[in-house]
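First comes the structure, then the notes that go with it.
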Amino acid sequence: MAFVRISSRHQTVLLLLLLLISLAIHAQVAKPAKPQPPATILIIRHAEKLTDGRIDLSPTGFERARLLPTLFSPAAARPDLPTPQVLFATHLSPHSNRPVQTVTPLAAALHLPIDDSFMNDDYPALAAALLSGKYAGKVVLVVWHHGRIPQLASALGATPPYTPWPDAQYDRIWRIDYAHGKATLQDLPYAVMPGDSK
């Protein structure tokens, strides 16, 4: 049987080649996985406000807030509105506490805390947090000010159905679902109070 004699120089080149191939295979296997988004993000505007400049909801707004559990609770009759597992609302500002007031009855019904650590203009940071993987597979409800909702939806990878959000509109729900790396947005009605859009 004949043996092929390999010089030490060729042995070194062969070992380096095997090492490079091994590193390349390891690099492909060890690629960090892209963070998974929530399963669904629901975005609503805070409920109706007072017209005298105070920071609170109007009586109609408090009624809409009171009815939120009928939309989003496990016993709700709306299969297109899953029950939230995480709640966000815009942080209190000198001009408004309406997002927190809007979601408080739902938070009480679901026994969930309200994360109100993001200011209205901090919607890019909120979007980054939501897409970080921390809320992977969860259903998240965000209550925000209408002036930033289209930008928030865009930051979440969705295409807003309209922009700007109409000043007098309080009865729409934007549902963003994530599947196969894509965000799809549905514009849904509340349909809980007389006069709500369909």
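The values are calculated or read from the model by the stated rules, or taken from the named source; none is laboratory data. Fair warning: this is a prediction, and the values are worked out from it, not measured in the lab. We place every Cβ from the backbone using ideal geometry, glycine too, and count neighbours over all the protein chains shown.
Data overview
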| read-out | value |
| --- | --- |
| Conditions (1) part of a loop (DSSP other than H, G, I, E, B); (2) touching a Pro at 6+ places or on another chain (Cβ under 9 Å); number of the one not met by Trp174 | (1) |
| So His10, is it at pLDDT below 95, closer than 26 Å to Tyr162 by Cα and either surrounded by 10 or more Cβ atoms within 10 Å (Cβ to Cβ) or touching a strand residue (DSSP E or B) at 6+ places or on another chain (Cβ under 9 Å) (or both) | no |
| Residue in region 15-35 that is modelled with pLDDT of 85 or more and within 30 Å of Asp187 (Cα to Cα) present | yes |
| Selected residue (criterion: surrounded by the fewest Cβ atoms within 10 Å (Cβ to Cβ)) from residues of region 129-157 that are part of a loop (DSSP other than H, G, I, E, B) and of a type in the set (A, V, I, L, M) | Ala136 |
| Residues located in region 106-152, provided they are in contact (Cβ under 8 Å) with a residue 12 or more places away in the chain and either of a type in the set (S, T, N, Q) or at positive phi (or both) | Ser117, Asn120, Ser132, Gly133, Gly137, Gln151 |
| Residues (assigned to a loop (DSSP other than H, G, I, E, B) and at pLDDT below 95) located in region 92-128 | Leu92, Pro94, His95, Asn97 |
| Conditions (1) within 23 Å of Thr70 (Cβ to Cβ); (2) surrounded by fewer than 17 Cβ atoms within 10 Å (Cβ to Cβ); (3) not acidic (Asp, Glu); number of the one not met by Met119 | (1) |
| Candidates Ala65, Ala77, Ala47, filtered to the one that is surrounded by 16 or more Cβ atoms within 10 Å (Cβ to Cβ), of a type in the set (Gly, Ala, Ser) and either touching a Leu at 6+ places or on another chain (Cβ under 6 Å) or not in a helix (DSSP H, G or I) (or both) | Ala47 |
| Test result for Tyr162, of a type in the set (Phe, Trp, Tyr) and surrounded by 14 or more Cβ atoms within 10 Å (Cβ to Cβ) | no |
